[in-house]
């Protein structure tokens, strides 16, 4: 009788243990969005993601994959594609388990809506491989080359195509931490779907934040207008769902202004189809409904994170980053950092703050991949390491009645910095 009782107790313990493991697995795989919204320094991004590791965890992976397809409304054309996606999903699951089990990694990854895509498939649908070439033609890069050659850049607007383009001058004063989400200067997270519209969302976000800080009103603006109306036939040389840049978007907005999101909403359904990159959508711009204009924009020196911090201390700033990495694709929480990361820019986002977590300095960023990426669409990228070139191409708009700390040329900025250095004790 005693032996029977012991067997029963052991069996109960085993069932409880298995149930706990199944629950732990589901926490990561299902990626349930039940946490409180992000609230700054003491937010839920500190919460660690349960580690998936080892074999025989007592879970039905195919059942979980089916739950994944229902949660994210995945539809596959036939059984072969379903089997392929299940294989890819399991490969990403193995990666998540391994990554989160290695304590040396300072952040966690998880099974978000991109977990059924290979890294190359993800890049084809969500990353703009031509963005870096655009950067190499930008004034941020070319003016820096001119300065390195001891050239002098003209202050004449003719050099900048008639646009008011300036350079950020560091005021040397900024708060130790900043969170524009917590302060209500950032609109809700977007999902660009399979359209390379990150540039449009980043530009809109920077304008929205500047206007909120100037007027006290947060108005979501139309990213779809930028996607549809700043295409080559308009003269502004963005390429719709095939990609564009924040600076070309700013130039378009200088000339045309932006409508409200509610008057020109984002077409998520249409932009979820791969063919969205093959055609330009018809521009539905209405001048009578323009809600916001800008006067120009401000560049931040290439790779200068001190200047970037100074600017973000004042407002949200649009920036580009190299996002072609599986840990970034599946990023969940913590401070993102890699041992090595290229400087090949592939994605635009909005820098909405900065701070320090567990002794690690970070940038807080708003992405445009929906709320299953990161913590409800936000993430933290390590600061002061120019991680994945986040400081190489950053800028922000000048709105009417704006107060900005700027100079007209990079040469003038460098001269000012040299004078300040000479004046140091």
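Data table
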quantity	calculated
Normalised per residue, the volume of the convex hull around the Cα set of the range 273-344 (Å³)	218 Å³
For peptides 63-73, 366-376, 221-231, sequence by mean Cβ density within 10 Å, most packed first	221-231, 366-376, 63-73
Gained length - residue 262 relative to residue 62, 0.36 nm times residue gap less alpha-carbon distance	68.0 nm
Fewest-first ranking of 278, 218, using other Cβ atoms within 10 Å as the exposure measure	278, 218
Cβ crowding within 10 Å averaged over residues, with 86-94, 250-258 ranked highest first	250-258, 86-94
Column: log10 I(q)/I(0), Debye, Cα scatterers of the range 131-422, q = 0.07, 0.09, 0.12 Å⁻¹	-0.23, -0.39, -0.72
Order of 325, 84 under a 10 Å beta carbon neighbour criterion, fewest first	84, 325
Burial ranking of peptide ranges 289-300, 192-203, 174-185 (average Cβ count within 10 Å, highest at the top)	192-203, 289-300, 174-185
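A short reminder: the numbers here are calculations on the coordinates, not readings from a lab. The structure displayed is predicted, hence computed values, not measured ones. Backbone-built Cβ (ideal geometry, glycine too); neighbour counts: all protein chains shown.
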